[in-house]
Amino acid sequence: MKTAVQRLLDRRPAWLRGRSLVISVPYAWLLVFFLFPFLILAKISVSEMETVVFKDLITYVDGVLQLSLKLGNYVFITEDDIYYRAYFASIKYAGITTLLCLAIGYPFAYFMARARSTVQPLLLMLVMLPFWTSFLLRVYAWKGLLSENGWVADFLISTGLDGLLAAGGLIPAPGKFMNTPFSLVLGMTYTYLPFMVLPLYSNLAKMDLRLLEAAADLGATPWTAFWKITVPLSKAGIIAGAMLVFIPCVGEFVIPELLGGPETMMIGRVVWDEFFSNNDWPMASSLAVVMVLLIIVPLAVFSKYQAESQETR
């Protein structure tokens, strides 16, 4: 005999049962905290602003239903090269930061995954330790380290690395580190490096080491086994880490504002100027919508390609 509670549970809709319930929770979260705000932003981007209010997009007057969309902001984005430069700079610096985080984070994650089990928690704590300090304080600390008489600046000058950085165009002159592409990329790499290390470590720690032993038995060198076994099996961690670094870097505002300069104008600063300096919310919303689409559309295409490639295996 079923109890009253069991009979009540059996009457639940299909979407409240088992797997459907588990899947619906994150989808509801994304719907409420991503899709709805994005739709509000998109609505503002095509609205006409009057002082501090926006005109209604849909009006019904004298039996006539009208839809009014202002697309001039999007047209203006394609005509003004300042927005092109801002978008390009954002993607460029985000890509450079992602590659640097991968180059630094992969060896460290590999070392963590191969370390003794008693040492791994300590190494993991060291990776997460920066999160215990305010993000803003850490960025401000780099201003002091890279400014005149800062010990990082003194180290770079004493080793002659400032001359190499100047020759590469990363700083305007030897000894000038602040408000340059070098300070910007350094700050973003330092800030987002843990976001690369953690998914890589999680992926590498689960790898079956017997595959490397089999490769060695078949005559593969350690370097060959690394490139043909370890790297392909860690592809999911590389992609996850790259997305966790690249996506927030594209819209970064605080680090370019504190460590960057006029030559490192990124789209986050442009959006801030449109919102708070020019008080042009429709234009700022248009810039934000385009920025989101620049990130979401390639990700969606890539995810679809990944899903199709896994189905064909």
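Worth pointing out:
- Which listed residue, of Phe155, Phe135, is within 20 Å of Ile104 (Cβ to Cβ), touching a residue at least 60 places away in the same chain (Cβ under 8 Å) and surrounded by fewer than 16 Cβ atoms within 10 Å (Cβ to Cβ): Phe135
- Residues being in contact with a helix residue (DSSP H, G or I) (Cβ under 7 Å, 6 or more places away or on another chain) and in a helix (DSSP H, G or I) - total across the stretch 264-282: 10
- For the residues Ile91, Ile82, the requirement of being touching a residue at least 12 places away in the same chain (Cβ under 8 Å), surrounded by fewer than 11 Cβ atoms within 10 Å (Cβ to Cβ), out of contact with any strand residue (DSSP E or B) (no Cβ under 9 Å at 6 or more places or on another chain) and not charged (D, E, K, R) singles out Ile82.
This table checks each residue for (1) modelled with pLDDT of 90 or more; (2) buried (at least 21 other Cβ atoms within 10 Å of the Cβ); (3) under 21 Å from Phe111 (Cα atoms); (4) hydroxyl-bearing (Ser, Thr, Tyr).
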residue	(1), (2), (3), (4)
Leu186	yes, yes, no, no
Val197	yes, yes, yes, no
Ser202	yes, no, yes, yes
Thr224	yes, no, yes, yes
Ile255	yes, yes, no, no
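- Ala240 vs. criteria within 22 Å of the chain's Cα centre (by Cα) and of a type in the set (Gly, Ala, Ser): yes
- From the options Ala153, Ala173, Ala167, Ala113, residue that is among the hydrophobic types (A, V, I, L, M, F, W, C), on the phi < 0 side of the Ramachandran plot and within 26 Å of the chain's Cα centre (by Cα): Ala113
- Qualifying helices (runs of 4 or more DSSP H) (wholly inside the stretch 16-106; at least 2 residues being under 30 Å from Lys235 (Cα atoms)): 18-30
- Any hit, the stretch 303-313, residues being more than 29 Å from Met128 (Cβ to Cβ), surrounded by fewer than 16 Cβ atoms within 10 Å (Cβ to Cβ) and touching a strand residue (DSSP E or B) at 6+ places or on another chain (Cβ under 9 Å): no
- Any hit, the stretch 198-213, residues being in contact with a helix residue (DSSP H, G or I) (Cβ under 6 Å, 6 or more places away or on another chain), within 30 Å of Phe88 (Cβ to Cβ) and part of a helix (DSSP H, G or I): yes
The values are calculated or read from the model by the stated rules, or taken from the named source; none is laboratory data. Given the structure is predicted, the values throughout are model-derived calculations rather than measurements. Note: ideal-geometry Cβ built from the backbone for every residue, glycine included; neighbour counts use all protein chains shown.
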